[in-house]
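Worksheet for the structure shown next.
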Amino acid sequence: MLGPTQAPGHDRPTAPGGDARAKRVLVVGGTNFDIIVQTERLPEEHEKLRGGACSALPGGSAANTALGLVRQGCAVRLVSAVGDDTLGRVCLDDLRAGGVDTSLVRTDTAARTGMAIVFSSATGKRMMTFAGADRDAAIAAVTEEAVCDVDHVHVVGEPTPPLTRVVALARQHGRSVSVEWNGRDMSAVARGSAALNLMNADEARRLPGASPHDTAVTAQRYAESLAGEVIVTLGPDGALWASPGRRPVHVPVRPVQPLDRTGGGDAFNAGVVAGWLSGDPTEECLRRGLESALHVITKIGAHP
């Protein structure tokens, strides 16, 4: 079975055309508000544990990635939903200040903005999410014109009919697609449609048919099955890229002391997608993603 290798001459799959204008990306998925608690451990039963810093900041995987893509030089429109409340307005203000087009973000007057509580430490994080505004309604409202107006579509979320429809529209109109798997088996959406499939090593290990001890084997297996690229973050060991019919490529990451890992994977995805759209070689796409992640995890919050 193939193992990971660094291959400087590794050919990369073809991305959309290499003109000099900013690549236009439609990002589809969640926006929420994060409560981030710094702690080295969770409390025991009936224990009152004093935490470290506690921060309240905008977040959400799709929103995080949208802002990261803007920082990478892309023109980004977000499809998402927030509640008609103070937290929703804070999230929208943050996105707009960061250069994201929020014209397709739906304000749900019947629900509050989604939230997440993150227990974060230097070695990891635990997260609880709370449903809020109906983003499926926003995704269902995406038109063919909105898809045709961009070069690339990046989706985050469950394989619901509205999200599957957006991916199908992108494929129908020749737009490239990337899928953040985010702990879910997205094979039904991604197979034959997604050029890029992004996940972390823990998520890869939980996939059906995964190799329990070799992430590269799992990534290669899924790359062949999906007929698409599979990109996996490996924490302090960097990241790998598996392509159908080629040996996986591994790129290490420079060591840092993380402060808060919230949004690190989303920043990595933004760097990889932007690099791929720019025509960068595979290794450079991975390096670009890793450096983007380091920028985030050495600060508190997903939008440093």
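Quick notes
- Only one entry of ASP214, ASP260 meets the criterion of being acidic (Asp, Glu), more than 19 Å from the chain's Cα centre (by Cα) and more than 15 Å from VAL179 (Cα to Cα), and that entry is ASP214.
- Once segment 24-56 is narrowed to residues that are of a type in the set (S, T, N, Q) and part of a strand (DSSP E or B), the residue that is surrounded by the most Cβ atoms within 10 Å (Cβ to Cβ) is ASN32.
- For segment 140-158, the set of residues classified as open to solvent by 30 Å² or more (accessible area, probe 1.4 Å) and at pLDDT 95 or above consists of ALA140, ALA141, THR143, GLU144, GLU145, CYS148, ASP149, listed by residue number.
- Sole residue being over 20 Å from LEU67 (Cβ atoms) and either in contact with a Lys or Arg (Cβ under 6 Å, 6 or more places away or on another chain) or in contact (Cβ under 8 Å) with a residue 12 or more places away in the chain (or both), chosen from MET128, MET115: MET128
- Restricting the first member to segment 247-272 and to residues that are on the phi > 0 side of the Ramachandran plot and modelled with pLDDT of 95 or more, and the second to residues that are surrounded by fewer than 24 Cβ atoms within 10 Å (Cβ to Cβ) and among the hydrophobic types (A, V, I, L, M, F, W, C), no beta-carbon pair is closer than 8 Å while six or more apart or on different chains.
- Total residues in segment 111-130, condition at pLDDT below 95, part of a loop (DSSP other than H, G, I, E, B) and either among the hydrophobic types (A, V, I, L, M, F, W, C) or surrounded by 17 or more Cβ atoms within 10 Å (Cβ to Cβ) (or both): 2
- Considering (1) touching a strand residue (DSSP E or B) at 6+ places or on another chain (Cβ under 9 Å); (2) over 29 Å from ALA75 (Cβ atoms); (3) of a type in the set (Val, Ile, Thr), the lone condition that VAL256 does not fulfil carries the number (1).
- A single entry from THR102, THR86, THR65, THR107 fulfils the requirement of being open to solvent by less than 20 Å² (accessible area, probe 1.4 Å) and more than 15 Å from the chain's Cα centre (by Cα): THR102.
- On the stretch given as segment 250-278, residues that are over 29 Å from ARG21 (Cα atoms) and not in a loop (DSSP other than H, G, I, E, B) total 1.
- Among the candidates ALA133, ALA137, residue that is part of a helix (DSSP H, G or I), open to solvent by less than 70 Å² (accessible area, probe 1.4 Å), of a type in the set (A, V, I, L, M, F, W, C) and farther than 30 Å from ARG50 by Cβ: ALA137
- Restricting GLY73, GLY60 to those that are open to solvent by less than 40 Å² (accessible area, probe 1.4 Å) and either at positive phi or at pLDDT below 95 (or both) reduces the list to GLY60.
- Selection of segment 210-236 for residues being among the acidic types (Asp, Glu), surrounded by fewer than 24 Cβ atoms within 10 Å (Cβ to Cβ) and touching a Pro at 6+ places or on another chain (Cβ under 7 Å) yields only GLU224.
- Of the residues making up segment 273-304, just one is on the phi > 0 side of the Ramachandran plot and at pLDDT 95 or above, namely GLY279.
- Criterion: open to solvent by 10 Å² or more (accessible area, probe 1.4 Å), in a helix (DSSP H, G or I) and not hydroxyl-bearing (Ser, Thr, Tyr) - qualifying residue of ASP185, ASP202: ASP202
- One residue from VAL153, VAL147, VAL166 being of a type in the set (A, V, I, L, M), in contact (Cβ under 8 Å) with a residue 24 or more places away in the chain and assigned to a strand (DSSP E or B): VAL153
The values are calculated or read from the model by the stated rules, or taken from the named source; none is laboratory data. Since the model is a prediction, treat every value here as computed from it, not as a measurement. Don't worry about glycine lacking a Cβ; one is built from the backbone with ideal geometry, like all the others, and counts go over all protein chains shown. Surface accessibility is based on the protein's heavy atoms, side chains included, excluding ligands, DNA and RNA. Shrake-Rupley method; radii C 1.70, N 1.55, O 1.52, S 1.80 Å.
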